[in-house]
1. With label points built 7 Å along Cα→Cβ from the Cα atoms of SER158 and HIS116, find their separation and express it in nm.
2. Report the percentage of all Cα-Cα pairs in the stretch 289-336 whose separation exceeds 14 Å, rounded to a whole percent.
3. How high is the FRET efficiency between ASN204 and ASP331 when r is their beta carbon distance and R₀ equals 41 Å, given to the nearest 0.05?
4. Quick one: LEU75, LEU125, fewest Cβ neighbours within 10 Å first, how do they rank?
5. Beta carbons within 10 angstrom, averaged per residue: use that to sort the peptides 216-225, 230-239, highest first.
6. Run the numbers for ALA89 and ASN284: contour at 0.36 nm per residue of separation, minus the present Cα-Cα distance, in nm.
7. Would you mind checking the pairs LYS63/LYS90; LYS172/LYS335; LYS63/LYS172; LYS63/LYS269; LYS203/LYS319; LYS90/LYS254 and listing those with alpha carbons more than 25 angstrom apart?
8. Provide the gained length on full extension for the span ALA70 to LYS172, in nm with one decimal, where the gain is 0.36 nm per separating residue minus the Cα-Cα distance.
Amino acid sequence: MERRKFIKTASLTGVGLTLGSTLLNCDETVSEKITEQHSEAINDLYGIPLVVATWHVENATAKAMEILQAGGNALDAVEQGCRVEEADAKGQTVGKGGLPDREGNVTLDASIMDKHGNCGSVVYLQNVTHAVSVARKVMEETPHVMLAGEGAKQFALSKGFQSEDLLTEASKNAWEKWKINAQYQPIINIENHDTIGMLAIDKNGDISGACTTSGLAYKMEGRVGDSPIIGSGLFIDNDIGGCVATGLGEEVVKTVGSFLVVELMRQGKSPQQACEEAIGRIVNKPNSDYKNFQVGYVAVNKQGETGCYSIHQNFNMTKFQDGVNTQIQSDYFNKA
């Protein structure tokens, strides 16, 4: 208030006007320097930029970090990073080459979420490799959050995506072999992971995330898991942090897992503590059959701290920060 009175009084004379203008310009300059120094301090303290992802996906995190180091934003980074896995026909859990449902159809689910809380997703998408990019188009170029099935496919084609057969010979052979006994195998581990979920923090400290999958192998036709469900497979709150999930999607959906992790961080828990409590919500449910399925979470908060936790062993997080792109083995609940 005293500064305001001074400027008002000084404006009564020409000298006062000049002085007032000088003070204002000085104040703006100081403010800009403080803001710049604060931003640099955040970068120095937290090692921004940062990329984390579920499972062993170092090529994907490397691509995302390439985007960030070139000055790109976190949204571009997670999209481009996930596209690496989607295009890898040798991987049988994401995009091209994904294992089919029990009818032999490769169906993809994906979601993406930006720093503003905008989000988009596709479910039961067929014949289009880059589901994560279609999800981004849904977010940015439609009034909707989610498109499904044939509608999602037609939308993708209208945006220039190419139609192609996603069932590779290797995945077809695996499906034919599975049909002999036709049994689900919900334990998901490093050899048979089901999703890539990725989180990134860019040079501005903004967070985005994406999640993409071909879903549970040999699922019932039409089945959708947690990956395209905002709040379950993915959730971002740019003021707090973000989380992605992997594993048996039905169990993640039942506890709205990724949203839960972010809310626990809002309450003051670290990413690691939040992931552990979210797993606890699953395994401690009455009559939980957790010994027969896997769920894992990866989380990051606004300060750049990370966490990962799963029900069973063999889950890991890939983390790229400060020039180091490495795997971090997750701690886990079921040590019996």
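No lab work stands behind these numbers, since they all come straight from the coordinates. All figures in this text were calculated on a predicted structure; none of them were measured in a lab. FYI the Cβ positions are ideal-geometry reconstructions off the backbone, even for glycines, and counts take in every protein chain you see.
1. So the label points at SER158 and HIS116 sit 2.2 nm apart.
2. Details: 615 of 1128 pairs.
The share of Cα pairs beyond 14 Å in the stretch 289-336 comes to 55 percent.
3. Values: r = 31 Å, r/R0 = 0.76.
The value I calculate is 0.85.
4. Values: LEU75 26, LEU125 30.
The order, fewest Cβ neighbours first, is LEU75, LEU125.
5. Numbers: 216-225: 18.4, 230-239: 24.0.
Packing order, densest peptide first, comes out as 230-239, 216-225.
6. Numbers: separation 195, 0.36 × 195 = 70.20 nm, distance 3.77 nm.
Fully extending the segment from ALA89 to ASN284 adds 66.4 nm.
7. Checking Cα-Cα distances, LYS172/LYS335; LYS63/LYS172; LYS63/LYS269; LYS90/LYS254 exceed 25 Å.
8. On the way: separation 102, 0.36 × 102 = 36.72 nm, distance 3.93 nm.
Here the segment from ALA70 to LYS172 would lengthen by 32.8 nm.
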